[in-house]
Amino acid sequence: MKSFAYLKPETTVAAADLFSEHNDAKILAGGMTLLPTMKQGLAAPAAIIDLSAVAALREIAFEEGALVIGAMARHYDVAASVLVQTHIPGLALLAGQIGDPQVRHRGTIGGSVANNDPAADYPAAILALDATVVTTRRTVAAAAFFVDMFETALEPGEIVTGFRIPVPEMAAYAKFRSPASRYAIVGVFVAQTAGKVRVAVTGAASSVFRALDVEAALQERFDPDALNRVSMDPSGLNSDIHADRDYRANLVMVMARRAVSAALQNAGQGATKGQ
Amino acid sequence: MEINLAINKHPISVSVDPATLLVELLREQLSFTGTHVGCDTSQCGACLVHFNGESVKSCTMLAVSADGGSVMTVEGLSVAGRANLHPMQQAFHENHGLQCGFCTPGMLMSAVDLVGRNPDPTETEVRGWLEGNLCRCTGYHNIVKSVIAGAAAMRDAK
């Protein structure tokens, strides 16, 4: 790995200042993608800005009907958070399925979303839950944040600081993963928030996307059987050694049905808990 | 750059290049060669150590990120040397939980972290937890047996 200047700010403001001052800097969150990329020589930043000392970015809170999750909350923190388990159990379950325990001890929600890997899990949740991405400069609606493969609406010098996720009526994630990498071959997050159903698909194309036909069917009836006559158009989907595009198109529908069943089950448990 | 950290409870001060990985610091600068490098791509778990009490892959963490923290390597498990193995090490020995032994340091560190959180894990929980540790020899059967036996021994030792 090529050497670099290592910077470890303790506040978000200091991190943002450093990021503006250093043209060729990269933000280090958990390092689960950045460090392997640097080890392979695919990235060689002149400076690394490590956010691990910015304690404020790790907080998870519940405010005015929404979960507010700091960008540096690790997958482990989100999976184990009683607040997340109570308000959006499907999100806690998603976080607990990322990578393996050691990856979850380092990897962060902010790093995953800012990286926008086409097979990452979190982008599907952020998009389907209609979350707001909070940065050092502004707030961006999830629908405007994910642009294309590894590409987001982030501008040079801008850092993701957290997420505001409105609590849905129902939500769940279903993932068909690669047993080797544990990334999603297809992952589908289904959520109903303020009466509106959103379905986001990861792993299947160059970037996370919403499956509008699936949403329309579920909007009429939130039930796995409502999807029996819906199919996914395979054109534009990924085809690789793991799965060809027809197989992925079918997987989207299978995962969507599983996610709807799980969402109904999560909601049922939530109702029981609340009584 | 100068960093301060505790390794196996001993505070040390050491100078590292920022591009040094934690596993490189441990093996090459400090000679803690019990921590292995298998895949070097954060898949195999041979490089597992505990950082601030949690298992992490030391091939995918910068040494400078450990500044101010505490690291435990497999050498830290058995404080009194070979005659006095950690209950988890003893369980791997008794249950044939290894063949070539390359993955064993990582398996041990992973298992000890699991039992710290979940003192009586089921077979399913052990298998789920060990997803980040690859073994090319054993087929995992005796490793899982070892972890369950080690967990029982750790409960008894309390």
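The values are calculated or read from the model by the stated rules, or taken from the named source; none is laboratory data. As the structure is a prediction and not an experimental result, all values here were calculated from the model. Cβ coordinates were reconstructed from backbone atoms using ideal geometry, including for glycine residues, and neighbour counts include every protein chain displayed. We work out accessible area using only protein heavy atoms, side chains counted, and drop any ligands, DNA or RNA first. Shrake-Rupley method; radii C 1.70, N 1.55, O 1.52, S 1.80 Å.
Points to keep in mind about this one:
- Buried surface for the B/A pair, taken as the accessible area of each chain alone minus that of the pair with a 1.4 Å probe, is close to 2100 Å² in total.
- Taking 15 Å as the cut-off, the amide N atoms of segment B:47-81 that come nearer than this to a point 7 Å along the Cα-to-beta-carbon line of B:LYS9 belong to B:53, B:70-81.
- With the convex hull of the Cα atoms taken as the outline of segment A:1-157, the averaged projected area works out to 8.9 nm².
- A loss of 10 Å² or more of accessible area (1.4 Å probe, protein heavy atoms, ligands and nucleic acids excluded) relative to the isolated chain is seen in these residues of segment A:1-16: A:MET1, A:SER3, A:PHE4, A:TYR6, A:LYS8.
- For segment B:2-76, the normalised intensity computed at q = 0.23 Å⁻¹ comes to -1.01 (log10 of I(q)/I(0), Debye sum over alpha carbons, equal scatterers, no solvent).
- Percentage relative contact order, segment B:82-157, counting C-alpha pairs under 8 Å, at least six apart: 52 percent
- For chain A: relative contact order, % (alpha-carbon pairs under 8 angstrom, 6 or more apart): 15 percent
- Protein heavy-atom surface of chain A, 1.4 angstrom probe: 52% of the accessible area is carbon and sulfur, with nucleic acids and ligands not counted.
- Histogrammed with a bin width of 10 Å, the alpha carbon distances of segment A:207-266 distribute as 22, 51, 24, 3 percent, first bin at zero.
- Theoretical gain in end-to-end length, A:ALA14 to A:VAL82 [0.36 nm per residue, Cα-Cα removed]: 21.4 nm
- Proximal lysines relative to A:LYS26, as straight alpha-carbon distance under 23 Å, when same-chain residues fewer than 8 apart are discounted: A:LYS2, A:LYS8, A:LYS39, B:LYS57
- Peptide B:55-64 has a mean of 6 when you count, residue by residue, the C-beta atoms of other protein chains within 10 Å of its C-beta.
- Pair A:LEU42, A:LEU264: separation of 7 Å Cα→Cβ label points (nm): 4.0 nm
- You can think of it this way: the chain between A:SER206 and A:ASN250 has 14.1 nm of extra reach, that is 0.36 nm per residue less the Cα-Cα gap.
- In whole angstrom, segment B:82-157 maps to an equivalent ellipsoid with semi-axes of 17, 15, 10, each derived as √(5λ) from the alpha carbon gyration tensor and ordered largest first.
- With the convex hull constructed from alpha-carbon coordinates only, the protein assembly as shown shows a mean projected area of 21.8 nm² over all directions.
- Carbon/sulfur fraction of accessible area - chain B, other protein chains in place, 1.4 Å, %: 52 percent
- A:ASP148 paired with B:ASP17, simple spin-label distance in nm, labels 7 Å along Cα-to-beta-carbon: 3.6 nm
- Where only C-alpha atoms are counted, convex hull volume of segment A:94-144 per residue in Å³: 80 Å³
- Taking the Cα centre of chain A as origin and assigning +1 to Lys and Arg Cβ atoms and -1 to Asp and Glu Cβ atoms, the resulting dipole is close to 560 debye.
- Computed from the Kirkwood radius of its Cα pairs, the Stokes-Einstein diffusion coefficient for segment A:131-275 at 4 °C and 1.567 mPa s stands at 79 µm²/s.
- Where labels lie 7 Å past Cα in the beta-carbon direction, separation of A:ARG221 and A:ILE241 in nm: 4.3 nm
- Solvent-accessible surface of segment A:124-173, taken per residue with a 1.4 Å probe and all protein chains present: 38 Å².
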